[in-house]
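Novice: The structure that follows is given in the form of structure tokens.
What follows is calculated from the coordinates using simple rules that are stated; it is not laboratory data. Nothing here was measured: the structure is a model prediction, and the numbers come from that model. We place every Cβ from the backbone using ideal geometry, glycine too, and count neighbours over all the protein chains shown.
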Amino acid sequence: MARQSQPFPDRLRTTLGQQEWLDRPSYRLEHGLTFLFAALGRYRDRVSNALHGTWLGHPLHPALTSVPTGAVATTVAMDAAGLLPGHAPGWRDASRFALGVGIVGSVGAAATGLTDWQHTHERSRRIGLVHGALNGVATGLYAVSWWDRRRNRHLRGMASSALGYGLTLGSGYLGGALVFGSAAGVDRAGARLSGDRWTPVLPATALDGQPRRVEVDGVGLVLYRNDGRVLAVGERCPHLGAPMGDGWIDRDRIVCPWHGSRFACESGQVLRGPATAPLPSYPVRVRDGLVEVRGVAK
């Protein structure tokens with residue numbers, strides 16, 4: 001029986017994900033980003049949280065990408081319409097304005113994308129690097145196009161923006177592969193415990209200061225003791241699925257062991273990114289020397 005070949009998009013993603021030579025420039029870029037954020041000093045967390053989208057409850061980058069994509073699509077459509085006889089004389093100015101909006105949006109999308117990308121690894125990191133590089137070239141073409149239009153070189157400007165838009169569409173495909181193929185930016189916390197039944201999980205004396213993993217109805221949980229209180233949270237960080245059993249508590253904040261996301265002990269609310277979704281948190285009580293955990297309503 002003949003072996004079916006992979007569709008071209010799948011082969012492309014697989015090939016890019018296997019390009020280990022991309023690791024060296026990607027880690028250099030990551031180190032540069034780390035230095036840049038460190039230079040922000042006490043403003044580091046505020047800036048990184050804003051760029052990650054912690055305040056929004058999900059990554060900001062996907063929302064911002066619609067700005068340059070839509071604005072440049074408007075430019076390309078108006079350019080095409082402007083080639084038809086009888087077009088309005090103000091369309092050239094309008095298309096240049098839309099292109100300017102797209103350039104500004106591209107800068108914002110790049111800043112948020114790089115902030116998210118620096119925490120990726122291996123296959124996702126390589127595809128993300130190519131994704132960002134294509135967007136960078138596209139933004140450069142948009143800037144050249146805007147300048148040409150300003151100097152009345154409209155045909156050249158139209159060609160540059162059309163070429164840039166083609167690169168943006170190709171890059172957008174790779175961005176989609178990161179989300180839907182590698183689950184970048186997706187809540188990785190896993191299954192949640194539901195129901196209103198209290199379930200004993202272990203003796204209270206078993207909590208000796210170290211996190212303890214337990215399982216209730218097939219759902220993994222991690223128990224912490226903090227200042228005499230017992231806390232129960234999901235076993236996986238919602239950012240990239242780090243095992244929270246390897247985490248710790250620092251000043252009433254649960255810390256992810258991989259990328260340092262911080263969550264409020266009582267509610268699981270994100271206090272510091274890169275995580276944007278909250279850490280699942282569950283009601284806990286101690287009865288007759290046993291720690292009991294209850295699910296939350298769906």
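Novice: Semi-axes, largest first, in whole Å: what does sqrt of 5 times each Cα gyration tensor eigenvalue give for the range 1-158?
Specialist: 33, 25, 14
Novice: Another one. For Val104 and Phe8, what is the calculated FRET efficiency with R₀ set at 30 Å and r taken between the beta-carbons, to the nearest 0.05?
Specialist: 0.35
Novice: Report, as a whole number in µm² per second, the diffusion coefficient that Stokes-Einstein gives for the range 178-217 at 4 °C and 1.567 mPa s using the Kirkwood radius over alpha carbon pairs.
Specialist: For these conditions, the coefficient is 95 µm²/s.
Novice: Using the Kirkwood radius over C-alpha pairs as Rh, can you work out the diffusion coefficient of the range 176-298 via Stokes-Einstein at 20 °C, viscosity 1.002 mPa s, in µm² per second?
Specialist: So the translational diffusion coefficient is about 147 µm²/s.
Novice: Once all Cα-Cα distances of the range 155-205 are split into 10 Å bins that start at 0, what whole-number percent is in each one?
Specialist: 18, 21, 18, 17, 10, 8, 6, 2
Novice: Please give the net charge around Phe180, taking every other residue with its beta carbon less than 15 angstrom from that of Phe180, where Lys and Arg add +1 and Asp and Glu add -1.
Specialist: +1
Novice: Which whole-Hz ³J(HN,Hα) couplings does the range 53-63 yield from phi under the Karplus relation 6.51 cos²θ - 1.76 cosθ + 1.60, θ = phi - 60°, glycine and proline marked x?
Specialist: Calculated HN-Hα couplings, in order: x, 4, 5, 8, x, 7, x, 7, 3, x, 5 Hz.
Novice: What percent of all Cα-Cα pairs in the chain falls in each 5 Å bin, counting up from 0?
Specialist: 1, 5, 10, 12, 12, 12, 10, 10, 8, 6, 5, 3, 2, 1, 1, 0, 0, 0
Novice: While we're on this one: In the range 96-230, how does Rg compare with the Kirkwood Rh, expressed as the Rg/Rh ratio over alpha carbon atoms?
Specialist: 1.29
Novice: Placing +1 at every Lys and Arg Cβ and -1 at every Asp and Glu Cβ, with all other atoms neutral, what dipole size does the chain have around its Cα centre, in debye to the nearest 20?
Specialist: Computed about the Cα centre, the dipole is about 660 debye.
Novice: If packing is taken as the average number of other Cβ atoms within 10 Å across a peptide's residues, how do 108-116, 279-287 rank, most packed first?
Specialist: Highest mean packing first, the order is 108-116, 279-287.
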